[in-house]
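Notes to accompany the following structure.
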Amino acid sequence: MHPPKPASRPEKTSLWRYVKLFRDDILSAQPAKLYRAKMAEFKTPFFRSYLVNQPDLIDLVLKERPMDFPKSNRISEGLRPLLGNSVFLTNGETWQRQRRIIDPAFEGGRLRDTFPAMVAAGQAAATRLADGVQEIEAQTSHAAADVIFRTLFSIPIEHEIAAQVFSEFRDYQRTQPILNIAAFVPLPKWMPRFHKKQTRVAARSIRALITQLTEQRMEQIRAGTAPDDLATKIMTTKDPQTGETFTTQEMVDQVAIFFLAGHETSASALAWALYLLATHPEAQARCAEEAADFGTDPQFADMSKLRFTRDVFREALRLYPPVPMMVREATQPEHFRNRDVPKGSQIVLSPWHVHRHELLWDNPDGFDPDRYATPEGKECLRHAFIPFSAGSRVCTGAGFAMVEGPLLLATVLQKWRFDPVADKVPDPVAHLTVRARDGIWLQAIARE
Ligand code: HEM
């Protein structure tokens, strides 16, 4: 049996029905042919977008000419109240400058430094779990938020402000999906928008909390008492071109996106990974063996012991990419696969479809972590695996997440075994990230 996949919509659907389906879930709003198409065009009276599934065209947009395909401003419509001018939303010069300051904090050497904080978060997550049936996304969300606070600000999730940010974010999520229909479709003005007021109130309150943390840190840096964590690193890094550092306000914008992009995504991937393991007991046993060998006082170099666990995490990212689709805008006329793509068109890149593409992957809907050890699987990793996007605008946290994911799985599997719960098969839907409509329910059983 294949892991759950949303049903596709019928081939012929009216625009009105499409908009309705789309608001409910962008995955099941699409026709099945997108799993076979190299490119597809959505032409309606209101908009024109092109979904691109062909690896060399994806490379063109993301790697070869990224500056010609900036992020579509529409994405920011709902996120700007929370994210301000964060690196996730900016384009051009501002974006380049921000990446010059942020990227050094996520380089390999720094990952080694943040490793102990991640281990502590993993062990805390394993301790929080209880015997019995439970909704696992809530647990992984808690754990991933803990990782962000410990690595960024050296505080655990139990810290008063951290706990408040975490809980406010849950409210915010309910009001504002990261990828809403507005990202794809320039909706006519008369169409109702999402809960703007609630979104603004939640965003203001989260930003006030993050501002407190950032201001405190600014003072500690001035006093020479700041801990050596990601926040200090980012706040003291000078732009090599201008010599300037981030102002407090700019840092607040970045912290907001680290929290949003860094915890929702990892939480979703971890929850799906645990579900895949619960439904594939042999794979779970292999991961548990690696976890036992990893030990309870691991060093960064011990990550090499978690090879199979890493491939399980990759399968979770492939089958349930936390960011299912990305949107760019063509700033000039293009010609893709013998088709004219007019200036201003939306270019949709869909990890969801690329990762399950029938012309690219063997057994695309099946769970098979061993595929990455084969030459075909390695080739697919290079060309048809884009959970973190690619090119200069690739996720800054990709390396971080590829340590965090396997590490958290290992620390949790050291203590717990997971079984599926009868009649509770999760139904994937794309909300803020790819989530299960009614959560992911698993039974945890303590290991000896
Ligand atoms: C499994 C975990 C993660 C996944 C699947 C993921 C995925 C992505 C994707 C697909 C993008 C590109 C979005 C687009 O171009 O529209 C992105 C951007 C970003 N991610 Fe991640 N991410 C993860 C974890 C993290 C973590 C842990 C952090 C930071 C601590 C982070 C920070 C960011 C930032 C700052 C951007 C914006 C980069 C830019 O636009 O230049 N992410 N992420």
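The values are calculated or read from the model by the stated rules, or taken from the named source; none is laboratory data. All values reported here derive from a predicted model rather than from experimental measurement. Cβ placement follows ideal geometry from the backbone for every residue including glycine, while neighbour counts extend to all protein chains displayed. All accessible areas refer to the heavy atoms of the entire protein, side chains included, with ligands and DNA or RNA removed. Shrake-Rupley method; radii C 1.70, N 1.55, O 1.52, S 1.80 Å.
Per-structure values
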| read-out | value |
| --- | --- |
| Per residue accessible area in Å² of the chain, where ligands, DNA and RNA are left out and the probe is 1.4 Å | 42 |
| Point-charge dipole on Cβ atoms (K/R +1, D/E -1) for the stretch 283-336, about Cα centre, debye to 20 | 120 |
| Globularity index of the stretch 370-424, i.e. its alpha-carbon radius of gyration over 2.2 N^0.38 Å | 1.53 |
| Two-site label geometry, R112 and R337: point separation in nm, points 7 Å out along Cα→Cβ | 4.5 |
| Calculated from backbone phi, Karplus (6.51, -1.76, 1.60) coupling profile of the stretch 88-97 in Hz, x at Gly/Pro | 5, 10, 7, 9, x, 4, 4, 4, 4, 5 |
| Under-5 Å amide H pairs with F336, H placed in peptide plane, nonlocal only | V341 |
| Two-site label geometry, L359 and A285: point separation in nm, points 7 Å out along Cα→Cβ | 4.1 |
| Value in Å of the Kirkwood radius, where the stretch 194-343 supplies the Cα pairs that are averaged | 20.0 |
| Unit charges at the beta carbon, dipole of the chain: most positive-side option, L306, A202, A373 | A202 |
| Positive-end extreme of charge dipole, the stretch 44-159 - chosen from F88, M118, F149 (charges on Cβ) | F88 |
| Within the chain, helix-based [θ] at 222 nm, where runs of 4 or more DSSP H residues each add -39,500 (n - 2.57), nearest 500 | -15500 deg cm²/dmol |
| Relative packing of 385-393, 126-134, 197-205, which averages over residues the other C-beta atoms within 10 Å, highest first | 385-393, 197-205, 126-134 |
| Estimated dipole of the stretch 120-160 in Debye, rounded to 20 [Cβ of Lys and Arg +1, of Asp and Glu -1, Cα centre] | 160 |
| H335, H280, H383, ranked by accessible area, largest first (probe 1.4 Å) | H335, H383, H280 |
| Given K233/K378; K38/K71; K197/K424; K233/K415; K12/K197, the pairs whose alpha carbons are separated by over 27 Å | K233/K378; K197/K424; K233/K415; K12/K197 |
| Surface share of carbon and sulfur [accessible, 1.4 angstrom probe, percent] for the chain | 52 |
| Rounded to 5, the percent of DSSP beta bridges in the chain classed as antiparallel | 85 |
| The stretch 309-361 - percent relative contact order, Cα under 8 Å, separation 6 or more | 36 |
| Sequence ranges 296-307, 398-409, 225-236, ranked by mean other-Cβ count within 10 angstrom, highest first | 398-409, 225-236, 296-307 |
| Student exercise, the chain dipole from Lys, Arg, Asp, Glu Cβ charges, in Debye to nearest 20 | 1820 |
| Distribution of pairwise C-alpha distances over the stretch 280-418, 5 Å bins, in % | 2, 9, 16, 18, 17, 14, 9, 5, 3, 3, 2, 0 |
| Whole-Å semi-axes of the ellipsoid equivalent to the chain (Cα gyration tensor, √5λ, descending) | 32, 29, 21 |
